[in-house]
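Enquirer: Take this structure first; my questions come after.
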Amino acid sequence: MIVVTGATGNVGRPLVAALSAAGAQVTAVSRRPLPVDLPEGARHVQADLSRAESLREALEGAKALFILLGPELLGPGESPHTLLGLAKEAGVRKVVLLSSQASGTRPEAVSHDRLREFEAAVRASGLEWTILRPGGFASNAFAWAESVRTERTVMAPFADVALPVVDPADIAAVAAVALREEGHAGQTYVLTGPVAISPREQAAALAEALGEEVSFVELTRESAFAHMSRFMEEAVVNGTLDILGLPLPSEQQVSPDVEKVLGRPAAPFSAWVERSLPAFK
């Protein structure tokens, strides 16, 4: 049995579906009641990673665990060793952690301290481990959905700075392989899309899929900060804007790891748009 935390998110949902389709027994964990139907055979357990003890029921009989850290675990909280200790006690032998590319590229960034703490704990856990470090998510474009629906407008900073954003479905596919198959223990995979694409180019991809013009309005960093600070901590906002506006060469580089694990190229941004188009209509 495989336990998937964060089961209702952009990665968790397709991961539960992929594992179930492959015939795995899956326990889907979320902090809130499940808002969507699960695949046949999967079960749901409501639990909170910020209270590791609440996962005891979910972990019963599990052999593998997927850890997705929500916002509640990006600040000070319960030690990751508590969760990993419970997992070992339950008989889990394999853990896959969803981290972030910036955990490696920006070791000085305090916004990723908690992720690095979890990475270190996973490596020292004595379990078989795999760490996934995705770059920016293609699904971050959902932030433009309302303005595209109502005004056919995308507003974003750093219009022409390109990054190889990754489809969350590809992250889920890599996680599913690492959870089910052998040969991925001790690996840290950097997950990106197949080509770097700028916000302006992403807006153009939306326009092409909609068959309508979508205008692009470039925000200043200050304007973007003011907007993002309404729902993100200041350190996280600054770290995000640093990557979006002044990416390191390593953050603009396309990683081969999705293709290495899946045996096919990573999906382009346009594929995510086609699948997600109803949100923008």
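The values are calculated or read from the model by the stated rules, or taken from the named source; none is laboratory data. Not measured: the values here are computed from a predicted model. Methodologically, a virtual Cβ is constructed for each residue, glycine included, from the backbone with ideal geometry; neighbour enumeration extends over all protein chains shown. Keep in mind that these areas ignore ligands, DNA and RNA; they rest on the heavy atoms of the full protein, side chains included. Shrake-Rupley method; radii C 1.70, N 1.55, O 1.52, S 1.80 Å.
Enquirer: In the set VAL258, VAL217, VAL236, VAL254, which member is modelled with pLDDT under 95 and either open to solvent by less than 70 Å² (accessible area, probe 1.4 Å) or hydroxyl-bearing (Ser, Thr, Tyr) (or both)? Show your work before the answer.
Expert: Details: VAL258 fails: modelled with pLDDT under 95; VAL217 fails: modelled with pLDDT under 95; VAL254 fails: modelled with pLDDT under 95.
From the options VAL258, VAL217, VAL236, VAL254, the qualifying one is VAL236.
Enquirer: Give me the pairs: first residue in segment 96-115 and in a helix (DSSP H, G or I), second residue at pLDDT 95 or above and among the aliphatic types (A, V, I, L, M), beta-carbon distance under 6 Å, and six or more apart or on different chains, which are they?
Expert: THR105/LEU248
Enquirer: Quick one: in segment 179-198, of everything that is more than 24 Å from PHE269 (Cβ to Cβ) and hydrophobic (A, V, I, L, M, F, W, C), which residue is least open to solvent (accessible area, probe 1.4 Å)?
Expert: Here the answer is LEU179.
Enquirer: Okay, moving on. Please give the number of the condition GLU57 fails out of (1) open to solvent by 10 Å² or more (accessible area, probe 1.4 Å); (2) closer than 20 Å to LEU98 by Cα; (3) not polar (S, T, N, Q).
Expert: Of (1) open to solvent by 10 Å² or more (accessible area, probe 1.4 Å); (2) closer than 20 Å to LEU98 by Cα; (3) not polar (S, T, N, Q), only one is false for GLU57: (2).
Enquirer: Taking segment 2-34 on its own, how many of its residues are open to solvent by 50 Å² or more (accessible area, probe 1.4 Å) and under 19 Å from the mean Cα position of the chain (by Cα)?
Expert: 4
Enquirer: What are the residues in segment 16-37 that are farther than 20 Å from VAL174 by Cα and in a loop (DSSP other than H, G, I, E, B), if any?
Expert: Hits for segment 16-37 are ARG31, ARG32, PRO33, LEU34, PRO35, VAL36, ASP37.
Enquirer: Report, by residue number, each residue of segment 222-245 that is of a type outside the set (Gly, Ala, Ser) and touching a strand residue (DSSP E or B) at 6+ places or on another chain (Cβ under 8 Å).
Expert: HIS227, LEU241, ILE243, LEU244, listed by residue number.
Enquirer: Continuing with this model, one more query. Mind checking which residues of segment 220-233 are in a loop (DSSP other than H, G, I, E, B) and either open to solvent by 60 Å² or more (accessible area, probe 1.4 Å) or acidic (Asp, Glu) (or both)? Break it down stepwise before answering.
Expert: Quick first cut of segment 220-233, residues in a loop (DSSP other than H, G, I, E, B) only: 220, 229-233.
Scanning segment 220-233 gives THR220, ARG230, PHE231, GLU233.
Enquirer: So, LEU55, is that one in a helix (DSSP H, G or I), more than 22 Å from GLY183 (Cα to Cα) and without any contact (Cβ under 8 Å) to a residue 40 or more places away in the chain or not?
Expert: no
Enquirer: While we're looking at this one, here's another question. Any chance segment 151-172 includes a residue that's open to solvent by 10 Å² or more (accessible area, probe 1.4 Å), closer than 14 Å to LYS281 by Cα and in a helix (DSSP H, G or I)? Show your work before the answer.
Expert: Step one: list which residues in segment 151-172 are open to solvent by 10 Å² or more (accessible area, probe 1.4 Å), which gives 151-153, 155, 157-158, 160-163, 165, 169.
With the extra rule that they be closer than 14 Å to LYS281 by Cα, the set shrinks to 151-153.
Remaining after also requiring in a helix (DSSP H, G or I): 151.
Within segment 151-172, one or more residues are open to solvent by 10 Å² or more (accessible area, probe 1.4 Å), closer than 14 Å to LYS281 by Cα and in a helix (DSSP H, G or I).
Enquirer: Next up: If you take the residues in segment 102-126 that are of a type in the set (Ser, Thr, Tyr), out of contact with any Lys or Arg (no Cβ under 6 Å at 6 or more places or on another chain) and closer than 27 Å to VAL254 by Cβ, which one is surrounded by the most Cβ atoms within 10 Å (Cβ to Cβ)?
Expert: SER111
Enquirer: Still on this structure, please answer the following. What number goes with the only condition from (1) modelled with pLDDT of 95 or more; (2) more than 30 Å from GLU213 (Cβ to Cβ) that ARG106 does not pass?
Expert: (1)
Enquirer: Please determine whether any residue of segment 133-145 is in contact with a strand residue (DSSP E or B) (Cβ under 8 Å, 6 or more places away or on another chain), charged (D, E, K, R), buried (at least 20 other Cβ atoms within 10 Å of the Cβ) and without any contact (Cβ under 8 Å) to a residue 60 or more places away in the chain.
Expert: For segment 133-145, residues in contact with a strand residue (DSSP E or B) (Cβ under 8 Å, 6 or more places away or on another chain), charged (D, E, K, R), buried (at least 20 other Cβ atoms within 10 Å of the Cβ) and without any contact (Cβ under 8 Å) to a residue 60 or more places away in the chain: present.
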